[in-house]
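Below is one structure, written out as structure tokens; comments come after it.
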Amino acid sequence: MREFLPSATLSVLSLARKKQQQGERVYNFAAGDPVLKNHPSITKRAVEETRKGICPYPPVQGFEELRRLAIHWINQTCRTNYALENVIVTAGGKFALFEALFCLLDPEDEVIVPCPYWVSYPDLVAMAGGRAKIAASMPEQGWKLTPQQIFQAKTDKSRVLLFNNACNPTGILYTREEVAEILDAAAMLDLWVVSDEVYSGMAFEQEFVSCGSFSKNQDRVIVVQSLSKNFAMTGWRVGFTLAAAGLIRRMAAFQGQSLTGVPCASQWAAMGALEDADAVQSYVKKAMVQRRDCFVQTFNRLFSKPMASPPSALYAFLSLEHLGIQHKIGTKEFCEKLIEKEQLAIVPGEAFGVPGYVRLAYSDEENEIRAGLEALSQAVKRWDE
Ligand code: PLP
């Protein structure tokens, strides 16, 4: 039997939910799951279509109407130039990443994975038959990957760069110049670029730059998108991938033989979201900016070392020292103790390739954020006693 590790963030989340079901008060900073009612445009379309009572097998690549809406939306918001042949609808961004990697990799091919990385990347690469080659970025460089680090990580077996902008867990955003440099380095090294852009709508002040918005080397760039975060639709499980038509055809063949397609009801909900994309996105973004600001203000009031405001995504990535922990303790053990004893769910940096740091999601409601940070500051004070 093949062994796979469960997702570290989902494991912390399921522990938190179990405690909640047992009636315990849990402060949940574990999951980047916007706690927000679906915008009415989403449910309206899903309910109207479902009421018709006709739900056949979905088209493998997604309903044409949804694919048209998806490319219209990305072309408008990300300055890209995709056509219908460049898009496939998938079951969320995670499956899109797996599907793209599965179609690109030969056994043992290497995928350069910038670190800190989203928790699932190394496992997705392994499940697709490849090997993750970690390229560590440094806090002193604001956690940004540089072209030099790509050159250093490259070996004869490197085939793909798995790039993430806006970034989970660090919340960093790359500028247009930085993205151009990364793409140039990848092109020089003959690498495909799989660009995970599921937080594109969560760039709070600065411009978001898509790898799909450059004219050079587009045959080698795959953009992964999702409605999970940008439209606060995590449970509907809809994402899409943009790439050269040849690769999209391969992904469609793979999808037809594995998933069949994305459930119709979810696609209808996604159509509702994308038909009213400006309104839905600004509804979500407004809530998330407020939560980010609430998190930062509360943190800076309660903890002695202030934190900077993360420019994007839904996370604060902080060292234990930043939290004021003097005591020598590993972050994994720290997080285990926090959930066990203090009912605080946060994810250790080990899950993102960086021990010594923890990730706190600020996607819950503001009163929860305030109460959770109060509880964390009390827990930290007790820690060193
Ligand atoms: N990529 C990143 C960086 C993420 O943080 C997530 C979810 O947390 C995903 C992809 C997958 O999102 P989904 O499968 O919900 O679209």
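Laboratory data are not the source of any read-out in this text; all were calculated from the coordinates shown. Source: prediction; values computed, not measured. When we count neighbours, we look across all protein chains shown, and the Cβ atoms used for this are built from the backbone with ideal geometry, even at glycine.
Computed extension gain for Gln20 through Glu177, at 0.36 nm per residue and net of the alpha carbon distance, reaches 52.0 nm. From the alpha carbon centroid of the stretch 332-367 to that of the stretch 104-174 is 23 Å.
The local environment of Glu275, defined by Cβ-Cβ distances under 13 Å, has a net charge of -2 under the rule Lys, Arg +1 and Asp, Glu -1. Placing dummy labels 7 Å off each Cα toward the beta-carbon, the span from Asn217 to Asp123 is 3.0 nm. Between the beta carbons of Ser282 and Met1, assuming R0 = 35 Å, the FRET efficiency works out to 0.15 to the nearest 0.05. Could you tell me which residue out of Thr260, Leu242, Met202 lies farthest along the dipole of the stretch 166-288 toward its positive end? Charges go on the beta carbon: Lys and Arg +1, Asp and Glu -1, centred on the Cα centre. Farthest along the dipole direction, towards plus: Thr260.
Could you work out the local net charge near Glu178, counting Lys and Arg as +1, Asp and Glu as -1, over the other residues with Cβ closer than 15 Å to its Cβ? That sum, taken over residues with Cβ under 15 Å, equals -3.
Given R₀ = 35 Å, FRET efficiency for Val35-Cys55 by Cβ-Cβ distance, to 0.05? About 0.75, to the nearest 0.05. Of all beta bridges that DSSP places with both ends in the chain, some 45 percent have antiparallel geometry.
Remark: spin-label model distance Glu207-Met188 equals 2.4 nm, labels positioned 7 Å along the Cα→Cβ axis. Under 13 Å from the 7 Å Cα→Cβ point of Arg79, by amide nitrogen: which residues of the stretch 200-237? Hits in the stretch 200-237 for Arg79 at 13 Å: 207-216. Per residue, the convex hull around the alpha carbon atoms of the stretch 289-385 comes to 90 Å³. Within the stretch 5-58, the GluC sites (Glu not before Pro) that combine a DSSP coil assignment with at most 16 other C-beta atoms in a 10 angstrom radius are Glu24. Straight-distance candidates among the lysines for linking to Lys229, with alpha-carbon spacing under 17 Å and chain neighbours fewer than 8 residues away dropped: Lys37, Lys94, Lys285, Lys286. If the segment from Arg382 to Gln297 were pulled out straight at 0.36 nm per residue, it would be longer than the present Cα-Cα gap by 28.4 nm. Each Cα pair of the chain feeds into the Kirkwood radius, which the Stokes-Einstein equation turns, at 37 °C and 0.692 mPa s, into a diffusion coefficient of 153 µm²/s.
For the pair Ala308 and Lys157, label points projected 7 Å from Cα toward Cβ lie 3.6 nm apart.
Here is the list for the stretch 165-231: GluC sites (Glu not before Pro) lying in DSSP coil, each with at most 10 other C-beta atoms within 10 angstrom of its C-beta, are Glu205, Glu207.
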